[in-house]
Protein chains: 2
Amino acid sequence: MNSILVVGSAALDTIETAAGKADDCVGGSALYFTAGASLFAPVSVVSVVGKDFPHKKIEFLAQRKVDLGSLEIADGKTFRWGGRYDKNLLSRETLFTELNTFETFEPKIPEHLQNTDLLFLGNILPELQMSVLNQITKPKFVLLDTMNLWINHRLEALLQVIAKVDAIVVNDEEVRQLTGFVNIPKAVKKLHSMGPKLVIVKRGEHGATLHHVDGDFFALPALPIEEVVDPTGCGDSFAGGFIGRLAMEGVLTPATFRRALVSGTVVASFTVQAFGLDRLVTVTPSELAAQEAKLLSAVRVP
Amino acid sequence: MNSILVVGSAALDTIETAAGKADDCVGGSALYFTAGASLFAPVSVVSVVGKDFPHKKIEFLAQRKVDLGSLEIADGKTFRWGGRYDKNLLSRETLFTELNTFETFEPKIPEHLQNTDLLFLGNILPELQMSVLNQITKPKFVLLDTMNLWINHRLEALLQVIAKVDAIVVNDEEVRQLTGFVNIPKAVKKLHSMGPKLVIVKRGEHGATLHHVDGDFFALPALPIEEVVDPTGCGDSFAGGFIGRLAMEGVLTPATFRRALVSGTVVASFTVQAFGLDRLVTVTPSELAAQEAKLLSAVRVP
């Protein structure tokens, strides 16, 4: 079993979708990731919340051997985000962003976590991601997430981080924006040349693909979900499932990368079924196994 | 080996893409389908062309045991279509449509073809598709194609055809438009309730999915193609690969449907590599086999 460290945001989200509205959902990239990854392996979290954070709502993580000792509780309020999805869940608008304690977040990795095996750099300012990288001693595998905001406004810093990581997870729009190529295979090749040996492209309802610089190409569909309640955190928990499975497998091979993509896809299929982390709290090992079996059956060629 | 009949258009296309311009490419739904299907099994074609049609350009089909005896040569000119793709191949505009001999096309199925095993109803007026259906005696399997034009302007006639076929092939936009559901799993369920037991959803660069009314769900990615020259006829030749493989397999089972989707995907990956039918003329059995191996490898979970 490899160790996992995640650095990212912890937040309270107010979310409106066609299915309804939910206030103050526990969220943020670090906690969505952790909720997914901890289904497979222990996780250590570096993030920050305010005095108002409802710790009771993440007690389920402690039961899954998540180390929350470096979830700093700072003076002030927790990062808050509010968003509204269009009725078809194809786009969303941000209603408000209150950075609060997250505004001055400077991730400090305690010594006992500096030798982590697997590192997930959640979607935060690239300069902070770089600072985390510089504090880590020889990780086996670093997976980077980012977003259009940093591609638009912090490109230079972002490119420096991209040059140093083993893998990056992007959606189809991000890979196009980052590389200037609309054709995804071309865009992925360009992204490989920028640093990461492994590129994961999230394609929403169409699934995800994994591209290794040596040419290995692997694809999975999304599991069909008729009632998508809330897509928030889908990508982070997908990354959580991916890294969690890698940690559980214990080795990094083309085969374990593929199985990791299976677990990421399975986790994301639960995330979207309820608001916030709700479904990732309740999902059982047998439900995970059944969903994995369904996914494997969907790509089996007899 | 099952017999195959296709009814659809035969055309001369003028195509502009970022890769260049090609005049008077042999095309049309029936000929794209046939170029794909004939890589696997013999095909009989019912369509119409004008006196100007360059028969030399489809001599390769005769060598593949395609029966062109019912490709009627009528007085007048061949159906012509001109289109221009945007540089990213994400959309196209029609520059001209000259129906010519196709305007008065009324498919007559000669007696020796009325007992075909497999029937592909290419994308023509739904009333003509229905007329073909009425001329066929107990086919084993009918696959229907259509387009947004008929969904918008001939919905009632189209729904009557949909109610009578075994399978339909649609892209993601068409399945949404036909059913009113944006969520594809919901849309597919609705489409199943309208008649077809089997629904195939073409997802362009993201691949294709196969949905059986009994719940069987199968998905394949598109093969990564860095240099897409011309997407024209991709869907028709995909259907050709699908039906051709089914004919070659000789039986209709969940396993052969899956392998048929593999062949459809493989054929489409060649279609887009050159203008018109060009790549479907030159592709060799060993190239098909290599591409199939690549596709199977892309969905193998170790």
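The values are calculated or read from the model by the stated rules, or taken from the named source; none is laboratory data. Values in this document were obtained by computation on a predicted structure and should not be read as measured data. Virtual Cβ from ideal backbone geometry, glycine too; neighbours counted across all protein chains shown. The area values use the complete protein model at the heavy-atom level, side chains included, leaving out ligands, DNA and RNA. Shrake-Rupley method; radii C 1.70, N 1.55, O 1.52, S 1.80 Å.
Is it true that some residue in segment A:93-104 is modelled with pLDDT under 95, open to solvent by 30 Å² or more (accessible area, probe 1.4 Å) and assigned to a loop (DSSP other than H, G, I, E, B)?
yes
State yes or no: is B:T209 under 18 Å from the mean Cα position of the chain (by Cα), under 30 Å from A:K189 (Cβ atoms), among the polar types (S, T, N, Q) and within 8 Å of chain A (Cβ to nearest Cβ)?
Yes.
Show the residue pairs meeting these rules: Cβ distance below 6 Å; 6+ apart or different chains; first residue within segment B:154-170 and in a helix (DSSP H, G or I); second residue of a type in the set (D, E, K, R) and open to solvent by 70 Å² or more (accessible area, probe 1.4 Å).
As it stands, the answer is B:A157/B:E127, since those pairs meet every condition given.
Is it true that B:D236 is at pLDDT 95 or above, among the acidic types (D, E) and out of contact with any Asp or Glu (no Cβ under 8 Å at 6 or more places or on another chain)?
no
How many residues does segment B:200-230 hold that are in a loop (DSSP other than H, G, I, E, B) and crowded, with 20+ Cβ neighbours inside 10 Å?
Within segment B:200-230, residues that are in a loop (DSSP other than H, G, I, E, B) and crowded, with 20+ Cβ neighbours inside 10 Å number 9.
Which residues, taken from segment B:182-199, are in a loop (DSSP other than H, G, I, E, B) and within 9 Å of another protein chain (Cβ to nearest Cβ)?
Pass one, segment B:182-199, residues in a loop (DSSP other than H, G, I, E, B): B:182-183, B:194-197.
Scanning segment B:182-199 gives B:V182, B:N183.
Here's the yes/no breakdown for (1) touching a helix residue (DSSP H, G or I) at 6+ places or on another chain (Cβ under 6 Å); (2) open to solvent by 70 Å² or more (accessible area, probe 1.4 Å); (3) more than 30 Å from A:V251 (Cα to Cα); (4) not in a helix (DSSP H, G or I):
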position: A:K56; (1), (2), (3), (4): no, yes, yes, no
position: A:A62; (1), (2), (3), (4): no, no, no, no
position: A:S70; (1), (2), (3), (4): no, no, no, yes
position: A:H112; (1), (2), (3), (4): no, yes, no, no
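What about B:S237, is it in contact with a Ser or Thr (Cβ under 8 Å, 6 or more places away or on another chain), among the hydroxyl-bearing types (S, T, Y) and touching a residue at least 12 places away in the same chain (Cβ under 8 Å)?
Criteria met by B:S237.
Of the residues in segment A:179-199, how many are open to solvent by 20 Å² or more (accessible area, probe 1.4 Å) and aliphatic (A, V, I, L, M)?
2
Checking the condition of a type in the set (A, V, I, L, M) and within 11 Å of chain B (Cβ to nearest Cβ), which residue from A:A222, A:A239 passes?
After ruling out the rest, the residue left standing is A:A222.
If A:T179 meets every condition in (1) away from chain B (no Cβ under 14 Å); (2) polar (S, T, N, Q); (3) touching a Lys or Arg at 6+ places or on another chain (Cβ under 8 Å) apart from one, which number is that one?
(1)
So, in segment B:243-266, exactly how many residues are more than 14 Å from every other protein chain (Cβ to nearest Cβ) and within 24 Å of B:E173 (Cα to Cα)?
Counting residues in segment B:243-266 that are more than 14 Å from every other protein chain (Cβ to nearest Cβ) and within 24 Å of B:E173 (Cα to Cα) gives 1.
Looking at (1) in a loop (DSSP other than H, G, I, E, B); (2) under 21 Å from A:E106 (Cα atoms), can you tell me which one A:M1 breaks?
The one condition A:M1 does not meet is (2).
Give me the residue from segment B:116-138 that is surrounded by fewer than 20 Cβ atoms within 10 Å (Cβ to Cβ) and touching a residue at least 60 places away in the same chain (Cβ under 8 Å) and, out of that set, nearest to B:T34 (Cα to Cα).
B:D117
Of everything in segment B:12-25 that's touching an Asp or Glu at 6+ places or on another chain (Cβ under 8 Å) and part of a strand (DSSP E or B), which residue is most open to solvent (accessible area, probe 1.4 Å)?
B:D24
Just to be sure, is B:S91 touching a helix residue (DSSP H, G or I) at 6+ places or on another chain (Cβ under 9 Å) and either among the hydroxyl-bearing types (S, T, Y) or within 14 Å of another protein chain (Cβ to nearest Cβ) (or both)?
no
Does any residue in segment A:279-302 that is more than 14 Å from every other protein chain (Cβ to nearest Cβ) come within less than 6 Å, Cβ to Cβ, of a residue that is surrounded by fewer than 16 Cβ atoms within 10 Å (Cβ to Cβ) six or more places away or on a different chain, and which pairs are these?
Pairs that qualify, where the first residue is more than 14 Å from every other protein chain (Cβ to nearest Cβ) and the partner is surrounded by fewer than 16 Cβ atoms within 10 Å (Cβ to Cβ), are A:V281/A:F60.
Being part of a helix (DSSP H, G or I), touching a helix residue (DSSP H, G or I) at 6+ places or on another chain (Cβ under 6 Å) and either of a type outside the set (V, I, T) or open to solvent by 20 Å² or more (accessible area, probe 1.4 Å) (or both) narrows it down to one of B:A255, B:A260, B:A247, so name that one. Steps first, answer last, please.
Numbers: B:A255 fails: touching a helix residue (DSSP H, G or I) at 6+ places or on another chain (Cβ under 6 Å); B:A247 fails: touching a helix residue (DSSP H, G or I) at 6+ places or on another chain (Cβ under 6 Å).
Unique residue meeting the criteria: B:A260.
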